[in-house]
1. Please work out the average accessible area per residue across the range A:8-155, using the 1.4 Å probe convention, and give it in Å².
2. DSSP loop trypsin sites (Lys or Arg not before Pro) in the range B:141-176 with at most 10 other Cβ atoms within 10 Å of their Cβ, which ones?
3. Counting only C-alpha contacts under 8 Å and six or more residues apart, can you give the relative contact order of chain B as a whole percent?
4. Restricting to Cα atoms and excluding each atom paired with itself, what does the Kirkwood estimate give for the range B:1-142 in Å?
5. Can you give the FRET efficiency for B:Ala217 and B:Ser9, using 1/(1 + (r/R0)^6), R0 = 22 Å, r = Cβ-Cβ distance, to the nearest 0.05?
6. Relative to the compact globular guide of 2.2 N^0.38 Å, what is the alpha carbon radius of gyration of chain B, as a ratio?
7. Just reorder A:Arg158, A:Arg77, A:Arg224 by solvent-accessible area, largest first, 1.4 Å probe, all chains present.
8. Run the helix sum for chain A: -39,500 (n - 2.57) per DSSP H stretch of 4+ residues, divided by residue count, reported at 222 nm to the nearest 500 deg cm²/dmol.
Amino acid sequence: MSHSSTPKLAVWKFASCDGCQLSLLDCEDELLAISEKLEIAHFLEASRLQIAGPYDLSLVEGSITTAQDLEKIQKIRQQSKYLVCIGACATSGGIQALRNFQDVKEFSSAVYAKPHYIETLKTSTSIASHVLVDFELQGCPINKKQLIEVILAFLQQRQPNIPSYSVCVECKQAGKVCVMVASGTPCLGPVTHAGCGAVCPAYHRGCYACYGPMESPNTQALSRRWQDLGASRKDLVRVFRTFNAYANDFHKISEFHEKKEK
Amino acid sequence: MTAFSIDRSELDSLFQALKKRGYEVVGPTLQDQAIVYDYIESSAELPVGMSDEQEAGSYRLKKRSDGALFAYAVGPHAWKKFLHPSHQRLWTVKKQKGDLQFISEKPNSIRYAFIGVRACDIAAMQVQDKVFLSGTEKNYFYKELRENTFIVGVNCSHAVSTCFCTSMQTGPKLLSGFDLSLTELIENERHIFLLKCGSKKGEEVLQELSYDQAKPAEQEAAQKLIENTSQQINKNLDVSNIQELFYQNYEHSHWEDVAERCLSCANCTMVCPTCFCTTVEDVSDLSGDHSERWQKWDSCFSLDFSYTHGTGPRRSSIKSRYRQWLTHKLATWIDQFGSSGCVGCGRCITWCPVGIDLTQEVAALRGIQK
Ligand code: SF4
Ligand code: SF4
Ligand code: SF4
């Protein structure tokens, strides 16, 4: 099959667990159809084949944590017509951004026998903190249906249908009973970006905010509610410092609670 | 309206009679620590001996010892879940030999029988009727479902702290809009229902049940029960000059105050039985020759809802979104549809995760501290 007019897709990895790329491999039924519409030019998780750029669509997973990453992401941007970030690492720095709140030197000497071998930046940051990105698909990991929607939207040159309202909207549309109201279980759904389909509330648990901040999160108001339900400042610091700890809104609120705690 | 009485055991005959007529029976049932609306097979699936306690931001089930079937207030689901579902395909388009073929979606021909519809919720359906059926363009998905629905109403015997139907003059007594109405009476080891017919369809179904003429004492007991419920309601929404109140207070400092508390999570609009707003989404498949347009519930609390091309979201602040919601619900709705958009069911108060209470917000706008 000739690929001359087929758009070229590249999938890139930075600091991450590979889970989001795996979502693409997970699209078993659709992957074949995708590979007919897009030439998979670079996707090391799936194939050793590496076709040189430029690329029409780059999917970027992972956060920027080393000096090499900094250079590499610039090159990828230059070679990509569209650059889409996938997952919490790429959109907010990921769980590894917890280092941003600590001294990296200090804990690398505690963890590694020869810490001088470790060459790393002080922070783990999102792709958008370094280059212009065309779209961010949030989630830890991303939802594979949403990934297909983003790829389709790119192929058909339209806006992706990825609502940025709260998890509550999905929770209610699915007819679930609110765990916060009906059992006093603290839930992060009201400040969290939709996308998971409210999986946790469906299993009677509060939302953990895997999908990061929603479009206009009122983290202060939700924190007050959590406190009424018995959460301490420490608890609040912890729940906002998970997979999306360095996302702007979560970062700000966890620092706020940390200061108050002291 | 003549009143009849049926024994509690006859409720299952009612279910059977409805099923025989081709209705899907839907009613209150226990799920995930709340009373929701779902498909039910028999009266045993109703929340037997269950009641509830509700406050702003809180809902708790409570057991009762009398085996009552309807002794609770409305829960998190509204009947719009069936009549105006959260996801509805509108049309499909297929590419065939270069031509586009449009196929419009047929309305759903399912026939529902709703069991235990409260007065405020019948009022809510009447509000949605105005929204969907009164203009020149009728929503034929809604129309078909609504016209085919059989309504078994129930008079409320228990109100919670979030109810304020009395302020909105929608309840707790059923006045119209039902095919059959029930009042549950449990006295001296007797568990019966007082029954009235509100339509021809209702009268026909009644003929399949074994019933008696209601005794004057039973009618009196039913009347008392409803009066009692009215008296349990102490939440109040002052609706006098409500339009002027809103139109003169677009810039009231209180909007900032609510915005500090509001999460813009949209729960209030999702649970409200009259909120009807939707968005459309075009979905397509990889082949590129099949696409569908879907209607999905949306909310004035979402940013995209007020997105206009070239200028972005018109209501970017939470303040402007809450103000829009409340102003529409209580004031501009009257201009638009001739009635309030609120029926006083209290759902938005109970199911707001931070317990924002619209009646208190209105009182604050009026300068009254509650
Ligand atoms: S359970 Fe959580 S996500 Fe669902 S409505 Fe309640 S607060 Fe929102
Ligand atoms: S605004 Fe609130 S109280 Fe009024 S009908 Fe809607 S949910 Fe019920
Ligand atoms: S009023 Fe309550 S339920 Fe409605 S958007 Fe605000 S926080 Fe959410």
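1. Ligands and nucleic acids excluded, the result is 49 Å² per residue.
2. Qualifying residues, ordered by number: none.
3. Computed value for chain B: 22 percent relative contact order.
4. Computed over the range B:1-142, the radius equals 18.0 Å.
5. For R0 = 22 Å, the calculated efficiency reads 0.55.
6. So chain B has a normalised radius of gyration of 1.06.
7. These residues rank, largest area first, as A:Arg224, A:Arg158, A:Arg77.
8. So the helix-based figure for chain A works out to -11000 deg cm²/dmol.
The values are calculated or read from the model by the stated rules, or taken from the named source; none is laboratory data. Because the structure is a prediction, the values reported are computed rather than measured. All Cβ positions, even for glycine, are placed from backbone atoms using ideal geometry, and neighbour counts span all protein chains on display. The protein model used for the area step is the full one, side chains on, heavy atoms only, and it has no ligands, DNA or RNA in it. Shrake-Rupley method; radii C 1.70, N 1.55, O 1.52, S 1.80 Å.
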